[in-house]
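**Student:** Got a structure here, written out as structure tokens. Questions coming.
The values are calculated or read from the model by the stated rules, or taken from the named source; none is laboratory data. Because the structure is predicted, anything quoted here is derived from the model rather than measured. For neighbour counting, all protein chains shown are included, and Cβ atoms are generated from backbone atoms with ideal geometry for every residue, glycine included.
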Amino acid sequence: MTIIEKTYKHVVPSAREFVKSFQEKYSKSVFPENWNDNPAWTKLIFDIFGEMGRGFGYKPRKEYLDIDMVWAIRHQDVSAIAVALEHDNGDLNDVIDDELQKLLDTKAYLKVLMFYPGMPIISENEVLFPEVVEKIKSARMTNPEESYLLITPVLHKDKDSQPTAIEVFAYSFSPSGKWEDLGSFSIDYKGKAS
């Protein structure tokens, strides 16, 4: 008798594991000189997300189903999106109505949105952008295993309005809107603010 057995093992990172890996990669990055150089920052972030995905054993794919990047599991008998990633440095309303909406409409275990509202989205246990939570809660078809990760880098400046650091905040959300503060980390940044 011959037995042929196949086994797949894919690690879908939790929001906390994703943030830890992101912090390691982001902290070692060479940042664009200008904080407002959106194309350069977008390239850096997608390079980091791609490297992270490969580190978790995926082949990251850009612009899949209009999602910026996915880490997918594709076998003849197993098909899933482990992580769906969106990055945007535009207006908050556009981010909510476009990037966040895309994540709501996508089946994935971890849905990551990185954007730049200029401040943390939660401060002292108060949600400063309730429209983000309301949008997440608006999804009617959800998977009990899915979660959302929102990453918000904030530029800190000195008294002369010169950049001094980037503080990156991270929050995990369930489909019901229950959130967890995953903490923040700071990186020195001496670039230009304009």
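**Student:** Please give the number of the condition Phe56 fails out of (1) out of contact with any His (no Cβ under 7 Å at 6 or more places or on another chain); (2) more than 21 Å from Glu24 (Cβ to Cβ).
**Tutor:** Among (1) out of contact with any His (no Cβ under 7 Å at 6 or more places or on another chain); (2) more than 21 Å from Glu24 (Cβ to Cβ), Phe56 violates only (2).
**Student:** While we're here: Pick from segment 79-89 the residues that are within 23 Å of Asp37 (Cα to Cα) and either among the acidic types (Asp, Glu) or free of Cβ contacts under 8 Å to residues at least 12 places away in the same chain (or both): which of them is surrounded by the most Cβ atoms within 10 Å (Cβ to Cβ)?
**Tutor:** Among them, the one singled out is Glu86.
**Student:** Quick check on Ile48: is it in contact with a Leu (Cβ under 8 Å, 6 or more places away or on another chain) and surrounded by 12 or more Cβ atoms within 10 Å (Cβ to Cβ)?
**Tutor:** no
Yes/no per residue for (1) on the phi < 0 side of the Ramachandran plot; (2) surrounded by 13 or more Cβ atoms within 10 Å (Cβ to Cβ); (3) modelled with pLDDT of 95 or more:
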| residue | (1), (2), (3) |
| --- | --- |
| Lys137 | yes, yes, no |
| Ser147 | yes, yes, yes |
| Thr152 | yes, yes, yes |
| Ser161 | no, no, no |
| Ser176 | yes, no, no |
| Phe185 | yes, yes, yes |
| Lys190 | yes, no, no |
| Ser194 | yes, no, no |
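**Student:** Can you tell me which of (1) touching a helix residue (DSSP H, G or I) at 6+ places or on another chain (Cβ under 9 Å); (2) farther than 15 Å from Ser176 by Cα; (3) hydrophobic (A, V, I, L, M, F, W, C); (4) surrounded by fewer than 19 Cβ atoms within 10 Å (Cβ to Cβ) is the one Val127 doesn't meet?
**Tutor:** Only one criterion in (1) touching a helix residue (DSSP H, G or I) at 6+ places or on another chain (Cβ under 9 Å); (2) farther than 15 Å from Ser176 by Cα; (3) hydrophobic (A, V, I, L, M, F, W, C); (4) surrounded by fewer than 19 Cβ atoms within 10 Å (Cβ to Cβ) is unmet by Val127, namely (2).
**Student:** Would you mention how many residues in segment 154-194 are hydroxyl-bearing (Ser, Thr, Tyr) and within 21 Å of Ala40 (Cα to Cα)?
**Tutor:** Matching residues across segment 154-194 total 4.
**Student:** Moving to a separate point now. Out of all the residues in segment 31-48, is one or more among the hydroxyl-bearing types (Ser, Thr, Tyr), in contact (Cβ under 8 Å) with a residue 40 or more places away in the chain and not in a loop (DSSP other than H, G, I, E, B)?
**Tutor:** yes
**Student:** Would you be able to tell me the number of residues in segment 55-78 that are in contact (Cβ under 8 Å) with a residue 24 or more places away in the chain and assigned to a loop (DSSP other than H, G, I, E, B)?
**Tutor:** The number of residues fulfilling the criteria is 7.
**Student:** Still on this structure, I have one more. Here are Phe56, Phe22, Phe31, Phe46: which of them is touching a Lys or Arg at 6+ places or on another chain (Cβ under 8 Å) and aromatic (Phe, Trp, Tyr)?
**Tutor:** It is Phe46.
**Student:** Any idea which residue in segment 88-123 is modelled with the highest pLDDT, counting only those that are part of a helix (DSSP H, G or I) and in contact with a helix residue (DSSP H, G or I) (Cβ under 6 Å, 6 or more places away or on another chain)?
**Tutor:** Among residues in segment 88-123 that are part of a helix (DSSP H, G or I) and in contact with a helix residue (DSSP H, G or I) (Cβ under 6 Å, 6 or more places away or on another chain), the one modelled with the highest pLDDT is Leu100.
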